[in-house]
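Please read the structure below before turning to the comments.
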Amino acid sequence: MAEESNIFDKTPEKCNNTQGFNDFKLLKTTANASLYLAFKAGKRFLIKTTKDNTERQNKMLHREYELSIGCDHPHLVHIYTIENLPFGTGLVMEYIEGRTLDKYLVENPSKKERNRIFSELLSAVGYLHKRGIIHNDIKPENILITRIDNSLKLIDFGLADSDIEYAMRTLGCTPRYASPELQSQSREIDARSDIYSIGVLMREIFGKRHLRIAERCCRAKAEERYENISVLQRAWQHRNRLQWGLLGIVVVAIFALPFIFLAQIKLAERNEARERGQLLRQIECDVEQIYTIMADSVSRAVYYEFANNHILSFCEELAKYQSEHISTIADAELSTLATNVYTHTLNKYNEQLWRLTEALPMMHKSNLPPAEYNFYNSLLQARKPYRPYRAE
């Protein structure tokens, strides 16, 4: 968890209750805790204990264990167990060979590395928030960068809290990185408090870059910040979209505008041809629909005279269609094409309709009883469809 040069020649008092750990070495002492390096089965572990072993500090240590034991994320320090050790209760966690974020930034990492580190921080904090855990102490000292691959590890849940419990919230957060509501010990603390701390870190990681995002993170009123890590992550992922969009517009304006102009002309021609084709196909379909209705009526007419009346109605319907749809086409070339399609389709179906009609018998007065003939004749005069005669 710290530089090897920070190891002091101080070990805990002799005790048999070591739970299999040995070679304890004190690494660091903070305001509330002591950190030890220990070995077990040849593997290194970091053990965090309370500084003074007070009841309050022990409660904080157990709460940190309860909040972190179920967490499993590549950018969070892994907590194994909590044990009674020679120097008191100890939180056993993985030992990370690395340096804190502030020392890593002194090494002047590349822009790409800074972007990656920040994305890993958002991922780790977002994972905590989804589990209902607010870290409450995000600062460079609680962010380790491993030496083996420069990946980020977020540590120290000592001041962490969940959405449903407030009893263990304590003083001790670092004012520079703490949100206004955290410093005032407000009970209205949520994920936006950590977002404030992230905004402060952004300024230290990126300097004057991405100030728009950092400024929103650090607004004094929580409701004016990003509402959650997911929204902040989207803003981070799209941070360069505007610049790339403007650059793309410039490139298009300089190099691609002539090609776009020609493409638009071709597209307009294709659209016009498609619209013409659709209109001509619609004319064919409309005439076919009128014919289908009339052919059905003719097939049920029984007598030639009734079928002839239906054909007259068919012709009237077609004449109405021509005046409303064909004659109103303004484009002369399209109007000619539409008329040709209309005439061709009409001739095809007109011939079929007359063949159907010629197959029907004539209604002769001499072949029908007077009352029945008069009934059918009245229907013909009124241009009504055929229906069977029923004597009163």
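The values are calculated or read from the model by the stated rules, or taken from the named source; none is laboratory data. If you're wondering where the values come from, they're calculated on a predicted model, not measured in any experiment. Reconstructed Cβ throughout: ideal geometry from the backbone, glycine too, with neighbour counts over all protein chains shown. What goes into the accessible areas is simple: the full protein's heavy atoms, side chains included, and nothing from ligands, DNA or RNA. Shrake-Rupley method; radii C 1.70, N 1.55, O 1.52, S 1.80 Å.
Per-residue packing, averaged as other Cβ atoms within 10 Å, sorts the ranges 344-354, 134-144 into the order 134-144, 344-354, beginning with the highest.
Taking label positions 7 Å along the Cα-Cβ direction at both Gln278 and Phe39, the computed distance is 8.1 nm, reported to one decimal. Accessible surface computed residue by residue for the chain, with neighbouring protein chains in place and a 1.4 Å probe, gives 57 Å² per residue.
Reducing the stretch 264-283 and the stretch 27-84 to their Cα centroids gives an inter-centroid distance of 74 Å. Residues whose amide H comes within less than 5 Å of that of Ala33, counting only those at least five positions distant or on another chain, are Lys51 (H built at 1.01 Å from N in the peptide plane).
Pick out, in residue order, every one of the trypsin sites (Lys or Arg not before Pro) in the stretch 95-155 that is DSSP loop and has at most 16 other C-beta atoms within 10 Å; say none if there are none. Hits after loop and neighbour filter: Arg131, Arg147. The candidates Glu94, Glu215, arranged from most to least accessible area with a 1.4 Å probe in the full protein assembly, appear as Glu215, Glu94. Among the listed values (1) 55; (2) 14; (3) 19, the one computed from these coordinates for percent of Cα pairs over 37 Å apart is (1). Between the beta carbons of Ala263 and Ile326, assuming R0 = 35 Å, the FRET efficiency works out to 0.55 to the nearest 0.05.
Of Glu97, Glu284, Glu113, the residue with the greatest mean-square motion in the GNM of the chain, using alpha carbon springs below 10 Å, is Glu284. Ordered from largest to smallest accessible area (heavy atoms of protein chains, 1.4 Å probe), the residues Tyr127, Tyr376 come out as Tyr127, Tyr376.
Considering only Lys40, Lys59, Lys365, the Gaussian network model of the chain with Cα springs below 10 Å gives its largest mean-square fluctuation to Lys365.
Past 25 Å, Cα to Cα: identify those pairs from Lys48/Lys153; Lys25/Lys103; Lys111/Lys153; Lys28/Lys153; Lys266/Lys348; Lys112/Lys139, in the order given. Check vs 25 Å cut-off fails for Lys266/Lys348. At the residue level, Val302 shows approximately 60 square angstrom of accessible surface with a 1.4 angstrom probe and all protein chains present. Between the amide H of Leu85 and those of Gly90, distances stay under 5 Å, these residues lying 5 or more places away or on another chain, with hydrogens modeled in the peptide plane. Per-residue ellipticity at 222 nm computed for the chain from its helices equals -15500 deg cm²/dmol, with DSSP H segments shorter than 4 residues left out and the rest contributing -39,500 (n - 2.57). Computed as a quarter of the hull surface, the mean projected area of the alpha carbon convex hull for the stretch 268-385 stands at 8.0 nm².
Near Pro385, once Lys and Arg are set to +1 and Asp and Glu to -1 for all other residues with Cβ below 14 Å from its Cβ, the sum equals +2.
Among the protein heavy atoms of the chain, carbon and sulfur supply 53% of the accessible surface, probe 1.4 Å, non-protein parts ignored.
Gly207 sits among other residues whose Cβ lies under 12 Å from its own Cβ, and their net charge, with Lys and Arg +1 and Asp and Glu -1, is +4. Computed from backbone phi with θ = phi - 60° and the Karplus coefficients 6.51, -1.76 and 1.60, the 3J(HN,Hα) list for the stretch 221-236 is 8, 4, 5, 8, 7, 4, 5, 7, 5, 4, 5, 5, 4, 5, 5, 5 Hz; x is used for glycine and proline. Between the Cα long axis of helix 257-299 and the first principal axis of the chain there is an angle of about 50°, rounded to the nearest 10. Once the Cα atoms are used to define both axes, helix 191-206 deviates from the longest principal axis of the chain by about 80 degrees.
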